[in-house]
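Notes for the one structure printed next.
The values are calculated or read from the model by the stated rules, or taken from the named source; none is laboratory data. Note that the coordinates shown come from a computational prediction; the quantities given were computed from them, not determined experimentally. Neighbour counts are summed over all protein chains in view; Cβ atoms, including those assigned to glycine, are modelled from backbone coordinates with ideal geometry. Heavy atoms of the whole protein, side chains included, go into the accessibility calculation; ligands, DNA and RNA do not. Shrake-Rupley method; radii C 1.70, N 1.55, O 1.52, S 1.80 Å.
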Protein chains: 2
Amino acid sequence: MTSREPQAPRLARLAALIADETRAACLLALLDGRAWTAGELARHAGVAPSTLSEHLGKLVAGGLLAEERQGRHRYVRLADTRTAQLVEDLVAQVSPGARPTPRSLREAGAHSAMARARTCYDHLAGRLGIALTDALTGRGLLRQDTGFALTDAGLGWFAAAGIPLERTGRRPLARACLDWTERRPHLAGVAGAALCRHALETGWCVRIGSERAVKVTAAGERAFLDLLGVEAGSLR
Amino acid sequence: MTSREPQAPRLARLAALIADETRAACLLALLDGRAWTAGELARHAGVAPSTLSEHLGKLVAGGLLAEERQGRHRYVRLADTRTAQLVEDLVAQVSPGARPTPRSLREAGAHSAMARARTCYDHLAGRLGIALTDALTGRGLLRQDTGFALTDAGLGWFAAAGIPLERTGRRPLARACLDWTERRPHLAGVAGAALCRHALETGWCVRIGSERAVKVTAAGERAFLDLLGVEAGSLR
DNA sequence: GGAATTCTTCGGCGCGGACCGAAACGTCCG
DNA sequence: CGGACGTTTCGGTCCGCGCCGAAGAATTCC
């Protein structure tokens, strides 16, 4: 059998897009679900703007990024949830079993804030994401023993909490996303995104700094306790 | 923010392992779930044995492949189900919306056999995988509307059919795997693997040739009809 | 209109890595 | 014990690509 698999070149070309450290840094930064300008990404990655411009060209051409031009700015974001999920899966694969020792105090602070609570593209992750997922499961709202799906009671909980779940396209309502700090699954999919969006809109959580880390507010602490019995005090 | 994401180098290095066309061809071939020798892979990929030896060294060192030495042979296989799932996800991302036109009759035949029924590492895919998944869903044994999980009736069906489901480690019982020919989810996870294994052991399906394609036998046609009402005649 | 900002294009440099063939090493078999 | 086979190591070649700086295009601000 000398016939080369027909999709080998495509697979290699896709992986090559991620196989560069600068482009990988961009994809990781964009996991916050927001749109960044080319200049921001260049500073973030520590390369010349001209270099980063070429990288963006490749990522957009490869379908990993979507771009939107506004005046002299070029905003890019991850193309879709599937792409974000793919990057998360890759990160989970390389997530170290042993936690790496941070080099500086600032890194240590940033790392622990990320481990506490952060967004994973469009849903909540970190210890907060795990705690909410565990609470949903413990109350019979989410079923993990036979797969990963909301129960009928779970559908009712979202409705009662005033969090609308839009059945759009083929995206699953609930889906497991492997957390790279906790190494445990947490809620993603339509329900995960809706919960995160609601938490940010109602002020249960606010973003810290310019990246993915978030923190729980006083209002959020009350809400998570009332609605799910989650003690989120340590995640403030 | 000039701090580079700490896991960017790791992500890039992982992707670089897949970013070579020869290594990609190896990973795709190994998606059949079996162990190949270095020589077989070299012939399959169309490169010199010495070249392929170096590739295998990198893939093993990178944790994507597991190796087993037997005499003068070096057998390699995908390291674990998570790695297989990752490769499948990457393939799904690049799966062409428009079917590519095969270049030769033999390729066309191989492609259509793969589209009919094949294994996806350790579970069934292609039109057969979709048909079984649809049947399970239609009979209330698998729930896809709120995620992707077996129902209690589904657990009973597996027990009644004599297909044991081993709850091992963290691997989910049911999980969706996106099919790259049908562009629809089909059953993976512990249940998908158990069903595939049972189908091959009882002779419901047999492998065609040396790769992933399988075909349904007469016994399999009866079984699928009796157990799930699936008309698998066109998949023989 | 002119200046500042943001991004892109281009030429050129240098490193990394994929490839091969030749030779060495180990294993199996007659 | 010698020959066939599968695999590995090594030296050498070559191409791809990531990087920069300088110059150019587009847009906004004053």
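Quick rundown of the values:
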| quantity | calculated |
| --- | --- |
| Lysines whose Cα lies under 18 Å from that of B:LYS58, excluding same-chain neighbours fewer than 8 positions away | none |
| Separation of the B:ARG82 and B:ARG34 label points, Cα + 7 Å toward Cβ, nm | 2.8 |
| Residue-averaged beta-carbon neighbours from other chains (10 angstrom radius) around A:80-93 | 3 |
| Nitroxide proxy distance, nm - points 7 Å out along Cα→Cβ at B:ARG184 and B:ARG222 | 2.8 |
| Cα shape, chain A, gyration tensor, a/c 1.5 rule | prolate |
| Threshold 40 Å², region B:167-191 residues less accessible with all protein chains present than alone (1.4 Å probe) | B:ARG170 |
| Dipole magnitude of chain A about its Cα centre (Cβ charges: Lys, Arg +1; Asp, Glu -1), debye to nearest 20 | 340 |
| Dipole magnitude of the protein assembly as shown, debye to nearest 20 (Cβ charges: Lys/Arg +1, Asp/Glu -1, about Cα centre) | 620 |
| Centre separation in Å (Cα based) which lies between region A:186-224 and region B:182-215 | 41 |
| Dipole axis of the protein assembly as shown (+1 Lys, Arg; -1 Asp, Glu on Cβ), positive-most option in A:GLN93, A:ALA48, A:GLY233 | A:ALA48 |
| Estimated FRET transfer efficiency when R0 is 51 angstrom, pair A:ALA160-B:ARG43 (beta carbons, to 0.05) | 0.25 |
| Among B:PRO185, B:ALA113, B:GLY138 - extreme Cα towards positive end, dipole of chain B, charges at beta-carbon | B:ALA113 |
| Order of exposure, largest accessible area first, which applies to B:THR51, B:THR168, B:THR217, A:THR181 with probe 1.4 Å | B:THR168, B:THR51, B:THR217, A:THR181 |
| Rounded to the nearest 10 Å², the accessible area of A:VAL230 at probe 1.4 Å | 10 |
| Sequence of A:GLU166, A:GLU182, B:GLU40 from largest to smallest accessible area, 1.4 Å probe | A:GLU166, B:GLU40, A:GLU182 |
| Cα gyration tensor category, rounded, prolate or oblate, for region B:8-79 with a/c compared to 1.5 | prolate |
| Under 16 Å from B:LYS215, Cα to Cα: aspartates and glutamates that are on another chain or at least 8 residues apart | B:ASP32, B:ASP122, B:GLU201, B:GLU231 |
| 222 nm mean residue ellipticity, helices alone, for chain A (DSSP H n ≥ 4; -39,500 (n - 2.57); rounded to 500) | -15000 deg cm²/dmol |
| Area accessible to solvent at A:MET114, 1.4 Å probe radius, in Å² | 30 |
| Of the trypsin sites (Lys or Arg not before Pro) in region B:129-185, those whose Cβ has at most 15 other Cβ within 10 Å and which sit in DSSP loop | B:ARG139, B:ARG167, B:ARG170, B:ARG183 |
| Cα-based helix-to-principal-axis angle, A:126-138 vs chain A, degrees rounded to 10 | 40 |
| Cβ charges +1 (Lys, Arg) and -1 (Asp, Glu), total dipole of region B:8-79, debye | 160 |
| Summed buried accessible area for A+B [probe radius 1.4 Å, Å², rounded to 100] | 5500 |
| Distance-filtered residues of region B:189-211 - backbone nitrogen under 18 Å, label point 7 angstrom along B:ARG171 Cα→Cβ | B:189-202 |
| Sites B:ALA92 and A:TYR75, calculated FRET efficiency, Cβ-Cβ separation with R0 30 Å, nearest 0.05 | 0.65 |
| Cα-derived Rg to Rh of region A:118-214, Kirkwood definition | 0.94 |
| Accessible area of region A:8-79 belonging to carbon and sulfur atoms, whole % at 1.4 Å probe | 47 |
| The protein assembly as shown: C-alpha gyration tensor shape, a/c 1.5 cut-off, then a/b vs b/c | oblate |
| Solvent-accessible surface (1.4 angstrom probe) belonging to A:LYS58, in square angstrom, nearest 10 | 110 |
| Portion, in percent, of the accessible area of region A:83-235 that falls on carbon or sulfur, probe 1.4 Å | 54 |
| Accessible area per residue, Å², region B:100-235 with all protein chains present, probe 1.4 Å | 44 |
